[in-house]
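The values are calculated or read from the model by the stated rules, or taken from the named source; none is laboratory data. Note that the structure is predicted; figures quoted are calculated from it, not measured. Positions of Cβ are backbone-derived with ideal geometry, glycine not excepted, and every protein chain shown enters the neighbour counts. Areas reflect the complete protein model, heavy atoms only, side chains present, ligands, DNA and RNA absent. Shrake-Rupley method; radii C 1.70, N 1.55, O 1.52, S 1.80 Å.
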Amino acid sequence: LTGRKLSDETIVRFGLGYSDKYSNNLYGYLRKKGYGDNELKETGLFTFDEKRGVTDKFWNRVMFPIMDANNRVIAFGGRVMGDAKPKYLNSPETKVFDKSRNLYGLNIARASRKDYFLICEGYMDVISMQRAGFTETVASLGTALTEFQSRKISRVAKKVYLIYDSDEAGTKAKLRAIPILRQYGVTPYVVILDPYKDPDELIKVLGREEMSKRIDNAVDGVIFEIMQLEHEFNRSDPASNAEFEKEAASKIASFSSIDMDKDRAEFLSIRNNYISTVANEFHIDKNELTQIVDGMIAIKRRDGGENKTLVRKQEIHPQKDREERKSIDKGILNAEKIVLTAVSSYPGILESVEKYIRIDDLVNDVSSEVGKMLRDGILSNNLN
């Protein structure tokens, strides 16, 4: 860690540590503390094998604790010392850890109070970014960004800057993340790192100021999608170029349809801005592009957003999923109402409640405001 120029302060702040080269130290330690095998199996920290017995899952690795929004350790990531495989190893899913629902660094990023997040791929990227002052940085725990993660982000951020690696895998991850973020009302931007592989490398070579410039000059997500799409066509060939223009229009139509429930003036402004930008950036006749986009949007309206010939399957969000999200949101709201009712009726339980869920973590906007008012009143002794 010190070889990678991490200070003691950073090591302590992120809880970084080490699992030594013996593969049964943690197991032996916890057994001496009185924990039984049934309990230890549920932690995901051990491998139970009939022939080899019990071994620690993490050994000879630098350790990265994964914390939830309340700063509680819920899992670990380990980076191997040396060249063994896998290079990075994460805790399996347990009763307290679902990697599709959590983000590394979220406990610190939430405290930044920014209206946007920076999303990287790995632990060291997050640490490097946060050390450089970008405390609003998180990572998606070795998986592609999920709907659950996007939902969590949407409750505290309006924009996301994707700072994934500049290799092919990183590009694919960006293209997967863009439509998911948009369907949750988050505007995605892509930070271009070329010629550097990842944010950690760029910061080491060029420093914080250059990273800040790259973020300021980030490419809108839809424009980035069309930039990548352009590589698939020979634009000097009329037929191929026409196909590209149709695909570019389809991109605008597909994301514009997400905004169809907005105020009409706002919807038209979004559509017109993107048509103008795409026409200028990719040298497409603006009037032709407008006609194609409007035709596609009209068909999409008519078909209720289910026309799969115009929009790629991964960009469609079925009505069933919308209803499921509404049901989940309703359940969350009801649960938060119960918590707030209990706290308002019995102010003395506030401290006990906040051991499990902090008022700041209530996800419904109204619940959050009411909760803060309640808490402030209780703490200032205005409520009995």
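Annotations
- If you sort R375, R72 by accessible surface, 1.4 Å probe, largest first, the order is R72, R375.
- Positive-pole candidate from G34, Y18, T47, dipole of the stretch 1-53, charges at beta carbon: Y18
- Structure-derived Rg and Dmax of the Cα atoms in Å - corresponding label in [x] 20.6, 64; [y] 21.5, 80; [z] 24.2, 77: [z]
- Nonpolar atom fraction for the chain, defined as the carbon and sulfur part of the 1.4 Å probe accessible area, stands at 50 percent.
- Flagged links, alpha-carbon separation over 21 Å, of K152/K251; K5/K85; K99/K174: K152/K251; K5/K85
- Computed with every protein chain present, the accessible area of E351 is close to 140 Å² [probe 1.4 Å].
- Relative contact order (%) - the chain, alpha-carbon pairs under 8 angstrom, separation at least six: 8
- S140 contributes about 0 Å² of solvent-accessible surface, heavy atoms of the protein only, 1.4 Å probe.
- Surface listing: E93, E50 arranged by accessible area from highest to lowest gives E50, E93, probe 1.4 Å.
- Charge tally for I127 (other residues, Cβ to Cβ under 15 Å; Lys, Arg +1; Asp, Glu -1): -1.
- Accessible area per residue, Å², the stretch 78-160 with all protein chains present, probe 1.4 Å: 42
- Most fluctuating residue given options A265, A218, A253, as computed from a GNM of the chain linking Cα atoms under 10 Å: A265
- Sequence of D125, D115 when ordered by accessible area, the most exposed leading, probe 1.4 angstrom: D115, D125
- Positive contributions from Lys and Arg (+1) and negative ones from Asp and Glu (-1), summed over other residues with Cβ under 13 Å from the Cβ of N287, come out at -3.
- Debye, to nearest 20: dipole size of the chain, +1 on Lys, Arg Cβ, -1 on Asp, Glu Cβ: 1120
- The solvent-accessible area of H283, taken with every protein chain present and a 1.4 Å probe, is close to 150 Å².
- Net charge in the neighbourhood of K95 (other residues with Cβ under 15 Å of its Cβ; Lys, Arg +1, Asp, Glu -1) is -1.
- When you restrict to C-alpha pairs under 8 Å that are six or more residues apart and normalise by the size of the stretch 10-71, the relative contact order lands at 48 percent.
- Taking chymotrypsin sites (Phe, Trp or Tyr not before Pro) as exposed when DSSP calls them loop and at most 13 other C-beta atoms lie within 10 angstrom, the chain has its longest site-free stretch at 36-355.
- The dipole here belongs to the stretch 1-81: it is taken about the Cα centre, uses +1 on the Cβ of Lys and Arg and -1 on the Cβ of Asp and Glu, and is about 240 debye.
- Extending 7 Å from the Cα toward the beta-carbon at both E247 and D49 defines two label points whose distance is 4.6 nm.
- Look at the dipole of the stretch 128-264 built from charges on Cβ: of P195, V138, I223, the Cα furthest out on the positive end belongs to V138.
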